[in-house]
Every structure is written in structure tokens, then in C-alpha cells.
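Encoded as C-alpha cells, the structure appears first; notes follow it.
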Amino acid sequence: MESCFTTAAARPARPPMTPEEFRSHAHVLVDWMADYMRDVGTHRVLPEVAPGDVRKRVPASPPESPEPFDEVMRDFATLVLPGITHWNHPGWFGYFPANNSPPSILAEMLTSTIGAQCMSWQTSPAATELEQATMEWLRQMLGLPETFTGVIQDTSSTATLVALLTARERASDGDTGTRGMAAMAVPLAVYASTEAHSSVPKGVKLAGYGLDNLRHIPADNDFAMRPDELAAAIALDLAAGIRPACVVATIGSTSSTAVDPLRRIGEICRRHDIWLHVDASYAGAAAILPERRAMLDGIELADSFVFNPHKWLLTNFDCSAYFVRDVPALLATFRVTPEFLRTARDADVVNFRDWGIQLGRRFRALKLWFVIRTYGVAGLQAILRQHIALAAEFRGWVEGDHEFEVMAPSPFGLVCFRHRPIGATDGERLDQLNRELLARVNARGPVFLTHTTLAGRFAIRMAIGQWQTTREDVARAWGIVRDEARLS
Ligand SMILES: Cc1ncc(COP(=O)(O)O)c(C=O)c1O
């Protein structure tokens, strides 16, 4: 019998790709994928394309008739690939890593094939329960307190927004969710160090606090938040009748991986009943190393914590692990249940759609589960230790060259440095010299580094953390930097 949606005339004569055709294309693709992973280091890290180069080669209108898959693949190879920046290149030292890994890629293939939308327990019980289980594994791996419960968010930016919204709701006893910010007789304030990530001001805007109510707390010489300045800013606000709602502490700041003093910040938050959110997007992964866990001293005083397995734990983007202490507060902020989503199981299960902003959810736990099982905790620890050791060695090379200087502590895989020819004085000329040096280094092709400013001065960032990076790749990068510096 015809369905009311599909008439015989509308139904395609045959599916665009039969299962057998899919199988044969997929085998070709898997071969391509394995070769790509093996050979990615032979590409330039950055493509040589100008703005608009790719776009102008894509037809302005979609094809009316089906095109052979081989042609689509041919265009992928000739049009798309030459315009790709290879984040998983062993010469990737830019920003922070966005790692994938073979088990993570295989899990993503399964996730795409199943195509489940995992908004509720019922819409895929295994997805919900695997997410609960892998978040609990991660909690144990990082040594987080048992009081934390985890949920996967797409990115840290979303997780931080979720924390800011929950903090807003708690500070207003739920009034802002019901009546809007106008319900607040007094403004709410948020505090973060001057080194906090841009996702904090973005979240502050989106959550309705208003940027005027974000306090930028000064950092010390190591770029970590100063608790005395935090306490002073809170006291000022209280005296002015402003209610402190949330502090965002950073473990591993984006510019230099500075570590805010969590315990002292947490004690201040507890004293004033302020939500403490910890942004450990990049560096949180290092807590799987017992010898690095001191950075989380005081974490039991935090209300929420985020880190990205998609940065430094070999799991494909996107996968952000968000842990929260007060689950009822989270649910009170996000739960809205229309009749069409109710199920007979709701009282007995977790519906992760109530734990964040989006309704529809990807099955992200599968790749994490594959990664943790395939490498084991010990395997992941070995990879991170290797990256940290390579960063320490790179730092030693910089320190040992009197024409270069290190610009910040480097507790993880990131080293911030600059070229400083003998006799050169601090200032815009030195900044420009380093800007040009970085551009020449990246123009070479086999490596890619990025920059930041530290205490107002231009700094080159060498972020070591790509899973295929070896000592040889790091040494090559240092060689290129020194070669190019000689031309300055
Ligand atoms: C400290 C910190 N917070 C937040 C982010 C944003 O991460 P995401 O891309 O997952 O939103 C980054 C990205 O590098 C970061 O370093």
C-alpha cells in the first residue's frame, strides 16, 4: 500500500546509492582515509588558497540531476582537499590541538551510519546510558569529586554559557528564567581573569548579564587570576548593591595555559554563595596524569567544570565534557517539556535534552568510549606525557639560545616565546619583528604556529599536542624558526 507521503510517481526509480554501491564506495573511502592519516605530514599544514578561490569553483546552483559518486569524490580531491587546513598534521602547533584518532574516526563512521538523534533516553537508550557511563569514566580518570555528574556538550563555549545561565537562575531564585532580567531589582555580576577565554564575555552577553557587569580581574606575573583582586571586586559590588552571581576560573588559559588558584578562588565563592565555573577546556585533559592533578586542588569547591576531549584527548571535534554538582539547578534552568516529548519512562531515566540548550543531540559518547577503550587510560597518559616532555625540551632549546626568550610558564604542551636579537628593546618594533618571523615560518609549509599577546607584547605560541607529532617534528619546527630568525 502506498503511504500518503510517497506516491508511486514521486518515489525515485531506485535509491541514489544501493547498499552494494555504498559498500564499494565506502571501501575506496576507507582506503583513502588510511592513506591520508599515514601521509598527512606530506601536505602543507596551511593550504595555498586566497579568499574566494574555492567558492568560485563551486557551481552557483545545485545539480538538477544525480551526479556519479566518483565525480563527487574527484571534486573532493581536486577542489576541497587543496583548501583544507590540516589540523591533524604532525607539524600542527597552532592554537590548541583538535585531535582525532583512528578509533574516534571509526566510531564517528558508526554514529553517522546509525544516525540516531539522542535527545531523550527513549530516542536511543544506549546513547544516553553510554554517555552516563563514559562521563563517569572521565570523572574517575580526572580525579574529579564524586559529587560531579557529567554530560556531553558540543563545545566549551556552550558549556560555559550553560554554567552562566544556571548561575543566573540560581542567583535570581529562578526569576530571570520566568520574568526575564527585568525581574532583578539589582544587577548580577560575573568575574573572570583578564586572561579568560572570549567565550566568557560572549556567554555573559548571551545570558543577559550585560558586558558592563563582567569584571575583568587582574592577573599576576604568571597570568593567573589574583584572588585578592577578585575579593576586592566582589566587595565593591556588594557595597554598590550588585549581586555577584558567577566566577569563571581558568585552568590552562588560551594565551599561555596559566592556572588560576582554584582553592583560594573557591573559598571566596563559597563565602559569598557564588557559582564557580572552571574552564579547563584544553588543560583539563592533563588531569588524567596523577602528577598534574595539583592544578585542580580545590575543585570540590566548584559548581561546574568543563574540558574538551576534542582538544587533547584524541576524540574528534565536537565533544566537550561538562560536569556539574547541582543537577537540580541545571534542570531547573533548562527543562521545558512539551507534551509531544513526554514518554512513559521519564520518571525513571535521564533525558539529556534537559541538560543543555539544544533539543536534538548527536551520539557523541560512542567516539569517547572507543577512544578510552582502544588506548586505555595508560595509553592516553603516555601520549600526554610525551607531549608535555616535548614541550619541556622545546622550552629548553629556546632558553638555551640567547637570541630568544620564553614569555610565560609552560606547565603543559604550550610554550610562548619570541625572538629577541641581542640589544633589541621591548616595544612595537620587536612585536613587528616577531609578527614577520611567524609569517615566514608558516609560509614554509611543514609547520604551523600561532600567536597571542602577553602583557601587551607579541608572543609566538608553540602548542604541542597533535597525536602523530614526534620529537623530529618539534625539532624541525625549531630549526625553521631559527633559520627564519637569522633573516630578520
Ligand atoms: C580556555 C578555553 N576556553 C574555551 C575555549 C573554547 O572552546 P570551544 O571551541 O570548545 O568552544 C578555548 C578554545 O581554545 C579555550 O582555550
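Just the protein heavy atoms count here, and of the accessible area of the chain at 1.4 Å, carbon and sulfur take up 56 percent. Among 195-203, 398-406, 89-97, 213-221, sorting by the average number of other beta carbon atoms lying within 10 angstrom of each residue, highest first, gives 89-97, 195-203, 213-221, 398-406.
Averaging over all projection directions, the Cα-based convex hull of segment 412-471 occupies 5.0 nm² in the image plane. Provide, for q = 0.09, 0.10, 0.13, 0.19 Å⁻¹, the log10 of I(q)/I(0) from a solvent-free Debye sum over equal Cα point scatterers in segment 294-419. At q = 0.09, 0.10, 0.13, 0.19 Å⁻¹ the computed log10 ratios are -0.45, -0.54, -0.79, -1.18.
The peptide list 361-374, 435-448, 258-271, put in order of mean Cβ contacts within 10 Å with the highest first, becomes 361-374, 258-271, 435-448. Positive-end ranking of Pro244, Leu230, Thr254 along the dipole of segment 209-317, with charges on Cβ about the Cα centre, is headed by Thr254. Distances between placed amide hydrogens fall under 5 Å for Leu313 paired with Asn99, all partners being 5 or more residues away or on another chain.
Nearest-5 percent of antiparallel DSSP beta bridges in segment 241-392?
Details: 5 of 13 bridges.
The answer is about 40 percent antiparallel.
Counting every C-alpha pair in the chain, the share spaced more than 40 angstrom apart comes to 29%.
With a 10 Å radius around each residue's Cβ, average the other Cβ atoms per peptide and rank 413-419, 391-397, 280-286, highest first.
Values: 413-419: 26.6, 391-397: 17.6, 280-286: 28.3.
Taking the mean over residues of other Cβ atoms within 10 Å, the ranking is 280-286, 413-419, 391-397.
For the chain, adding -39500 (n - 2.57) for each run of n ≥ 4 DSSP H residues and dividing by the number of residues yields -12500 deg cm²/dmol at 222 nm. Taken along its principal axes, the alpha carbon cloud of segment 242-353 reaches lengths of 48, 41, 24 Å, longest axis first.
Inter-label distance, Thr113 to Ala294: 4.7 nm, where each label sits 7 Å from its Cα along the C-beta direction. Placing pseudo-labels 7 Å out from each Cα toward the beta carbon at Ala240 and Asp35 gives an inter-label distance of 6.3 nm. Given axes a ≥ b ≥ c from the Cα gyration tensor, I'd like to know whether segment 1-151 is rounded (a/c under 1.5), prolate (a/b larger than b/c) or oblate. Oblate shape, in that a/c is at least 1.5 and b/c is the bigger or equal ratio. Surface analysis of the chain yields an accessible area of 47 Å² per residue, using protein heavy atoms and a 1.4 Å probe. Straight-line reach from Lys311: taking Cα to Cα under 19 Å and skipping same-chain neighbours fewer than 8 places apart, the lysines in range are Lys367.
Placing a pseudo-label 7 Å from each Cα along the Cα-to-Cβ vector at Leu81 and Phe340 gives an inter-label distance of 4.3 nm.
For segment 227-247, backbone nitrogen atoms closer than 19 Å to the point 7 Å from Val186 Cα along Cα-to-C-beta are found at 230-247.
Each 10 Å bin from zero up to the one holding the largest Cα-Cα distance in segment 335-481 carries the following percent of pairs: 9, 29, 21, 16, 14, 9, 3, 0.
Taking all pairs of distinct Cα atoms, average 1/r, flip it, and tell me the Kirkwood hydrodynamic radius of segment 233-297 in Å to one decimal place.
On the way: mean 1/r = 0.0776 Å⁻¹.
Hydrodynamic radius (Kirkwood, Cα pairs) of segment 233-297 is 12.9 Å.
Taking the Cα centre of segment 356-488 as origin, work out the dipole magnitude from +1 charges on Lys and Arg Cβ and -1 charges on Asp and Glu Cβ, in debye rounded to 20.
About 800 debye.
Could you tell me which residue out of Gly427, Phe334, Met119 lies farthest along the dipole of the chain toward its positive end? Charges go on the beta carbon: Lys and Arg +1, Asp and Glu -1, centred on the Cα centre. Checked the options; the winner is Gly427. If only the Cβ of Lys and Arg carry +1 and only the Cβ of Asp and Glu carry -1, the dipole of the chain around its Cα centre is close to 180 debye.
The values are calculated or read from the model by the stated rules, or taken from the named source; none is laboratory data. Quick caveat: nothing in here was measured; it's all calculated off a predicted structure. All Cβ positions, glycine included, derive from the backbone under ideal geometry; neighbour counts span all protein chains shown. Ligands, DNA and RNA are excluded from the accessible area calculation, which covers all protein heavy atoms including side chains. Shrake-Rupley method; radii C 1.70, N 1.55, O 1.52, S 1.80 Å.
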